[in-house]
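Undergrad: Dropping the structure in here first, questions after.
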Amino acid sequence: MQPGAAIGESLPRLELVSPPRVLFGAGVRAELADMVRAYGRRPLLVTGRSLQRVRDIQSALCAAGLEPVRFGVCGEPEVATVRQALGLARQEQCDCVVGVGGGSVLDTAKAVAGLLRGGGEIEDYLEVVGAGRSLPGPGVPFLALPTTGGTGAEMTRNAVLAVPERRVKVSLRSPFLVAQVALVDPELSRSCPPAVTAAAGLDALTQLLEAWVSTRANFWTDTWCLEGLRRVARSLRTAWADGQDLSARTDMALAGLLSGLALSNAGLGAVHGLAGPIGGVIAVPHGIVCGALLVPVIAKNLQVLQSRSARSGIVERYAQAARVLTGHAQASAADLVPWLSRLVEELRVPKLSAYGLQPAMIPDLTERALQSNSMRTNPVALNAAQLSEILEAVL
């Protein structure tokens, strides 16, 4: 469908992907134990590397008579990470999974929950490098408690995992990976350092912008994207500069939630099409890759669109995003790239060469990106030469 189609117009089949229950607001983490009790007694508690940040949550689960088994995730999750967590969950006879952390933690948790009941190998279900089979049925219940305010992983049906031996990041994707309950408590993100706040916020911003111009955008995702963009525009800089500002943290937590809904229901674009392969060859936070790629990808999309003689509705959608982000009622699509460039600079996002990206990697990265599902919903088809130009811009 054409993005922005109104209710009443001819619509294709649509499916709304969302957790059955979402709790949002300061303090909702206090309800976690009651939620877990509805699904099991011995949860696998997937967290980041620091126990200190989740000690109160673990204590609350124990005080409620539950028997949490903790698994810590260090850095971006790999297939091996999920295997280790699965082994622990099976050994300890866990009956549900609770993820408390950022996108890496939540992706690990949802993958474990989805695979815990089934058989076969993880590779049987991975896209691109695996067989891409569908999960045979529901896994154990998964409850998500995000702590970084931005990735939206609590709302999505995919888990992004690194496959080091294939030098790529790919998705395990299934409706059975959607959380049973998402508890989004903005207070949990107040301890995030500025670098993590920037990465998570830029991830949310990218997801909102890519879903907004996706070839699968619809009236649901349009609403979520515009609201999310408004909140990013007024609060990302503040949350980065003053992590204790609860109003800004609340805005970014909601923007992240909305970005997760949007990408689950509309797909993404070339930023994420390139980010997966890049994350497989260099060690770099996903949100930083998104921030570095966002400007050159949008600039290239606009260049291709504006080279066509016919008026493009996508150019107007970029203009509408520019008006929301800049706050200027007369802003055009041309104003979007400078605004984003200033934001990325203010948040101190470096070139990806700082993380080890090299010119020699570009041919392989473009080839891998062209196989990505995210490229299919980019508003224009980009070829290998155009993707190479984007990558050269972030060196």
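Undergrad: Given 10 Å bins starting at zero, what is the percent of C-alpha pairs of the range 21-188 in each, up to the one with the largest pair distance?
TA: 11, 44, 35, 9, 0
Undergrad: GLN303 to CYS74: extension gain in nm, 0.36 nm per residue of separation minus the Cα-Cα distance?
TA: 78.5 nm
Undergrad: Among all the lysines, which ones have a C-alpha under 19 Å from LYS351's C-alpha, if same-chain residues fewer than 8 places away are not counted?
TA: List returned: LYS300.
Undergrad: D for the range 64-105, whole µm²/s, Stokes-Einstein with Kirkwood Rh over alpha-carbon pairs at 25 °C and 0.890 mPa s: what number?
TA: Approximately 217 µm²/s, per Stokes-Einstein.
Undergrad: Another question about this same structure. Among the GluC sites (Glu not before Pro) within the range 94-180, which fall in a DSSP loop and have no more than 14 other Cβ atoms within 10 Å of their own Cβ?
TA: GLU121
Undergrad: Sorted by mean Cβ packing within 10 Å, highest first, what order do the peptides 327-338, 69-80, 383-394 take?
TA: 69-80, 383-394, 327-338
Undergrad: Still on this structure, I have one more. Between ARG90 and ARG13, what FRET efficiency comes out of the Förster formula 1/(1 + (r/R0)^6) with R0 = 25 Å and r the beta carbon distance, rounded to 0.05?
TA: 0.10
Undergrad: Restricting the calculation to Cα positions, tell me the Rg (one decimal) and the Dmax (whole number) of the range 134-241 in Å.
TA: That works out to 15.4, 45 Å for Rg and Dmax.
Undergrad: Checking the cross-link filter: which lysines have an alpha carbon closer than 19 Å to that of LYS169, excluding same-chain neighbours under 8 positions apart?
TA: Candidates past the 8-residue exclusion: LYS110.
Undergrad: Using Cα-only point scatterers and the Debye equation, what is log10 of I(q)/I(0) for the range 44-87 at each q in 0.24, 0.28 Å⁻¹, rounded to two decimals?
TA: For the range 44-87, the Cα-only Debye profile gives -0.84, -0.99.
Undergrad: Which angle between 0 and 90 degrees, to the nearest 10, do you get for helix 79-91 versus the longest principal axis of the chain when only C-alpha atoms count?
TA: That helix lies at roughly 20 degrees to the long axis.
Undergrad: Report the convex hull volume per residue for the range 178-223, counting only C-alpha atoms, in Å³.
TA: 111 Å³
Undergrad: Separate question: Please report Rg (one decimal) and Dmax (integer) in Å for the Cα set of the chain.
TA: Computed over the Cα atoms of the chain, radius of gyration and Dmax are 20.0, 67 Å.
Undergrad: Which order do the peptides 191-203, 141-153, 93-105 come out in when sorted by mean C-beta neighbours inside 10 angstrom, highest first?
TA: Taking the mean over residues of other Cβ atoms within 10 Å, the ranking is 141-153, 93-105, 191-203.
Undergrad: When Rg is the radius of gyration of the Cα atoms in the range 254-355 and Rh is its Kirkwood radius, what does Rg/Rh come to?
TA: Ratio of gyration radius to Kirkwood radius: 0.98.
Undergrad: Compute the projected area of the convex hull of the Cα atoms of the range 191-393, averaged over all viewing directions, and report it in nm² to one decimal place.
TA: 10.6 nm²
Only the coordinates and a few stated rules stand behind these numbers; no lab work does. Being a predicted model, the structure only gives us computed values, none of them experimental. Cβ atoms come from the backbone with ideal geometry, glycine included; neighbour counts cover every protein chain shown.
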